[in-house]
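For reference, the structure is listed below as structure tokens.
The values are calculated or read from the model by the stated rules, or taken from the named source; none is laboratory data. Since this is a predicted model, take the numbers as computed values, not measurements. Here the Cβ positions follow ideal geometry from the backbone for every residue, glycine too, while neighbour counts run over all protein chains shown.
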Amino acid sequence: MREKYERRCKIQAKAKEVFDWHARPGAFERLTPPWEKVKLVRRVGTITVGSRVTIKVGIGPFEQTCTFQHIDYCEGVQFRDVQVEGPFKYWDHIHRVEPIDAEASHLIDSIEYELPLGILGRLLGGRFVRRKLERMFTYRHRITREDIETIRRYGDKKMKILVSGSSGLIGSSLLPMLTAAGHRVISLVRRTPSEQEIFWDPSAGTIEREKMEGFDAVIHLAGENIADGRWTQEKKNNIRSSRVRSTALLADTLAKLAHPPSTFISASAIGYYGNRNSEPLREESDSGSGFLAEVCRDWEAATATAQEAGIRVINLRIGIVLTPKGGALKQMLLPFELGLGGKLGDGKQYMSWIALDDLLGAIYHVLMKEELCGPVNAVSPNPVTNSEFTLTLARVLGRPALFPAPRFALKLALGEMAEETALASAKVYPSKLLLSDYNFRLPELKDALEHCLGKVKTAA
């Protein structure tokens, strides 16, 4: 017996704009929920007839290979995919766009599916699949609507953009957003480059300078993970050099180009402010003390040559990025899901966080807002204490938070890194983003966690 599922949402954009967004590279990746273990294996074509996509989906400790083929393509109206290989006995998904008026449209996803094993399959997996579809399309429709409305808000200008750190936590999500918006994106890589890549080796000071002419913007996100292992002297040297040396190489190279980019967005971090207890911190606040603050000062100073050459430079001071794909939230999830989570130390330290989708939105905002320059805090307007954060996460997961990690245990386990990360307090506000009319998608912690973990309440 086949089941039917349908979901629709209104998007404040023309039907053609909604359809074209789906047809561009990056749309599939943007629509993949971050809590799902999905890996793209192979793609042939886009969404036209005969195009195929093969993915691997994690189901507990196992992986299931799924292949979908596109049929019944009608430009500007609909496209359709059917399962060729996968867990369903039958799967037929129609993506349709219907105009409401000249400036709005409906996106409609209609799915007909059948589980294997007949009645037994429906009894064992029917409600599970229905809930999974509700979670997935609640997420997908929100991303589609907000991304398309973001593109409209800033105009239809298309750019050629160079990105470093494109395989990292932020870069791997930023690239699909940019390409789905219609921009051409080239990556800086340390391996043998493809046609859409440029080689560089910051440690050796080498870069394919001749290929860097004519970009509209450069977004620099590369840098070693600060939370990957204890801070030995070697690790600290690597953290510093991976940020300062690579930034200096890029800034110096851009400054010497015959046709340099107009914009250089270089990642920094709220570690710039150091441990400041409950002091409100804004872009004009002084830098703090400690290893991370020193690294951030040098990191930002390394962009000076680009600024002196007349390039608009933005130092994006990024807070704690919330996504289950990596970073602090990923590390916290397992103990909290097991009911073993709790506050760190006394829990009074402030955490200045930002949802990954808002970080991507903030990058797009500063890219398009030509009046913005210098330091820009990329954080939510609502910082919370560690106690508030842990209680909110526990409630979203439906678990208790009864097992605090004492200060001495964190210092024993992490050493110096504990004092400057887990136990440090920075109450940072995004003054420049707010004054320049950036519209936060997820300004409240509970909403941000529900969105990225697929815990938004649905009708199912």
Looking at (1) touching a strand residue (DSSP E or B) at 6+ places or on another chain (Cβ under 6 Å); (2) at pLDDT 95 or above, can you tell me which one residue 87 breaks? (2)
Please report, ordered by residue number, the strands (runs of 3 or more DSSP E) entirely within the range 169-267 with at least 3 residues that are without any contact (Cβ under 8 Å) to a residue 60 or more places away in the chain. 184-189, 197-201
Among 431, 380, which is in contact with a Pro (Cβ under 7 Å, 6 or more places away or on another chain) and modelled with pLDDT of 95 or more? 380
What tally of residues in the range 258-305 results from selecting those that are touching a strand residue (DSSP E or B) at 6+ places or on another chain (Cβ under 6 Å) and within 17 Å of residue 165 (Cβ to Cβ)? 12
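So which residues in the range 283-325 are under 14 Å from residue 223 (Cβ atoms) and either buried (at least 18 other Cβ atoms within 10 Å of the Cβ) or free of Cβ contacts under 8 Å to residues at least 40 places away in the same chain (or both)?
The answer is 292, 295, 296, 299, 300, 302, 303, 315, 316, 317, 318, 321.
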Taking residue 60, is it surrounded by 13 or more Cβ atoms within 10 Å (Cβ to Cβ) and not charged (D, E, K, R)? no
Near pairs, Cβ below 9 angstrom, 6+ apart or cross-chain, from the range 371-393 (under 15 Å from residue 328 (Cβ atoms) and in the same structural domain as residue 332 (by TED's automatic domain parsing)) to any residue that is outside any helix (DSSP H, G or I) and among the acidic types (Asp, Glu): 380/444; 386/346
Can you find a residue that is β-branched (Val, Ile, Thr) and in contact (Cβ under 8 Å) with a residue 24 or more places away in the chain anywhere in the range 19-35? no
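Evaluate the following for residue 445: is it surrounded by fewer than 19 Cβ atoms within 10 Å (Cβ to Cβ) and aliphatic (A, V, I, L, M)? Spell out the reasoning first.
Values: surrounded by fewer than 19 Cβ atoms within 10 Å (Cβ to Cβ): no; aliphatic (A, V, I, L, M): yes.
In short, no.
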Within the range 368-427, work out how many residues are assigned to a loop (DSSP other than H, G, I, E, B) and under 15 Å from residue 273 (Cα atoms). 8
Does any residue of the range 56-65 turn out to be more than 29 Å from the chain's Cα centre (by Cα), in the same structural domain as residue 113 (by TED's automatic domain parsing) and in contact (Cβ under 8 Å) with a residue 12 or more places away in the chain? no
Output the number of residues of the range 11-48 satisfying the condition of being over 22 Å from the mean Cα position of the chain (by Cα), among the hydrophobic types (A, V, I, L, M, F, W, C) and not in a loop (DSSP other than H, G, I, E, B). 3
It is to be established whether one or more residues within the range 116-131 are assigned to a strand (DSSP E or B), touching a residue at least 60 places away in the same chain (Cβ under 8 Å) and more than 30 Å from residue 207 (Cβ to Cβ). no
Exactly one of 356, 344, 334 is surrounded by fewer than 19 Cβ atoms within 10 Å (Cβ to Cβ) and not β-branched (Val, Ile, Thr), and that residue is 334
